[in-house]
Amino acid sequence: MPGIISSIAYVRLGAPDLDVQEKFLTEFGLVKVHRDARRLYMRGIADEPFIHVTELGESGVLAVGYNVHPDVPIESLQERFGATVEAIDEPGGGKRLRLKDPNGQSVELVQGRERVAPLPRRNLLRGTDGMSKDRGPAKIERLVHTAYATTRLHETLDWYQSHFGFLATDELYIEKPGNTLGRFVRADMGDEPVYHHILFVFRGDKDGLHHCSFEVERVDEIFTGGDHLHELNYDHVRGIGRHALGSQIFDYWMSPFNVMHEHWSSSERMNDKSRFNEIQIGSGMVHDSGERPPERFVKQASPILS
């Protein structure tokens, strides 16, 4: 097995008000699984038991979870990472290893979570009323990637690639190769196609989560879901646009507690034979279709919570 990680599992955030957070996430397109006095669990329409966790407290990012490939017993990673496997007392159960990356970001490796029945998809057949479905929250499939700003760019990239076998997809540089701005890395699943990236790490003035990205059921959901959030006066950051790398349609929204969430759809996939590219880029990460990214998008970094 080339790599030990098959996909990203969930993002774990902190927020000071679970009521406000639940309302935003529901309008964004996620579905509540469970909530108690301290935690809120949300899912998509695919079969993961949850893909987004909010814990009551300070706003920021607490952890990111990754699914360990089923062919790699999670117990076999204990000695390698100097961590102990523990049972997960959360929806779906399973087992977990907890690590820390060079920025102090918690990383949770999980395996054996129980899958759940997928939720109904959009009915593409026009009904007898003759009306097209153009309103309401987006239908979100799954979490697909996160992006980080870091003051330790190469150390962070080396850590993720050496620990998990992530493959470099595209690297962005300023002026000349080697002056790296950031790198997209993907899961290594051999011949099996995967998304353009599972993680984007770029050079920043501080360490923090740039955004978490959620794949919608179909690209229309980016437009209708965006209209829905605009009507409710949520904080729109950037989009709708297209990232040239990975052929990704995007729309970025800020949560009420300053963590950026992306609606995302992509028509390109990679495998272990896909070519690595180095791309020269201008200031402000300008390599896209659509409007120039605003300054707050470029400088976004939600704090890492220990």
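Out of the stretch 215-264, which residues are under 23 Å from ASP188 (Cβ atoms) and not in a loop (DSSP other than H, G, I, E, B)?
Of everything in the stretch 215-264, those that are under 23 Å from ASP188 (Cβ atoms) and not in a loop (DSSP other than H, G, I, E, B) turn out to be GLU215, HIS243, GLN248, TRP264.
What are the pairs with Cβ atoms under 9 angstrom where one residue, in the stretch 161-187, is on the phi > 0 side of the Ramachandran plot and assigned to a loop (DSSP other than H, G, I, E, B) and the other, located anywhere, is small (Gly, Ala, Ser) and crowded, with 17+ Cβ neighbours inside 10 Å? Sequence gap at least six, or different chains.
Close Cβ pairs satisfying both conditions: GLY165/GLY3; GLY165/ALA187.
Can we say ARG80 is farther than 23 Å from HIS163 by Cβ and either surrounded by fewer than 13 Cβ atoms within 10 Å (Cβ to Cβ) or over 20 Å from the mean Cα position of the chain (by Cα) (or both)? Before you say what the answer is, go through the steps one by one.
Details: farther than 23 Å from HIS163 by Cβ: no; either surrounded by fewer than 13 Cβ atoms within 10 Å (Cβ to Cβ) or over 20 Å from the mean Cα position of the chain (by Cα) (or both): yes.
When the stated conditions are applied, ARG80 does not pass them.
From the list PRO16, PRO70, which one is farther than 14 Å from SER255 by Cα and more than 18 Å from the chain's Cα centre (by Cα)?
PRO70
Give the residues of the stretch 91-106 that are touching a Lys or Arg at 6+ places or on another chain (Cβ under 8 Å) and either surrounded by fewer than 18 Cβ atoms within 10 Å (Cβ to Cβ) or within 24 Å of ASP36 (Cβ to Cβ) (or both), sorted by residue number.
Those that are touching a Lys or Arg at 6+ places or on another chain (Cβ under 8 Å) and either surrounded by fewer than 18 Cβ atoms within 10 Å (Cβ to Cβ) or within 24 Å of ASP36 (Cβ to Cβ) (or both): GLY92, GLY93, GLY94, PRO102, SER106.
Report whether or not LYS206 is within 26 Å of SER306 (Cα to Cα), surrounded by fewer than 18 Cβ atoms within 10 Å (Cβ to Cβ) and either without any contact (Cβ under 8 Å) to a residue 12 or more places away in the chain or of a type in the set (Lys, Arg) (or both).
Criteria met by LYS206.
Go through the stretch 5-60 residue by residue and tally those that are among the hydrophobic types (A, V, I, L, M, F, W, C) and either farther than 27 Å from ARG122 by Cα or part of a strand (DSSP E or B) (or both).
Total satisfying the criteria: 14.
Tell me yes or no: at least one residue of the stretch 274-286 is among the hydroxyl-bearing types (Ser, Thr, Tyr) and either under 30 Å from ARG122 (Cβ atoms) or in a strand (DSSP E or B) (or both).
no
Given the residues TYR148, TYR160, TYR173, which is the only one that is at pLDDT below 95 and of a type in the set (Phe, Trp, Tyr)?
Working: TYR148 fails: at pLDDT below 95; TYR160 fails: at pLDDT below 95.
Just a single option satisfies the conditions, and that option is TYR173.
The values are calculated or read from the model by the stated rules, or taken from the named source; none is laboratory data. Everything numeric here is computed off the predicted structure, so don't read it as measured data. Glycine also receives a Cβ, built like all others from the backbone with ideal geometry; neighbour counts cover every protein chain displayed.
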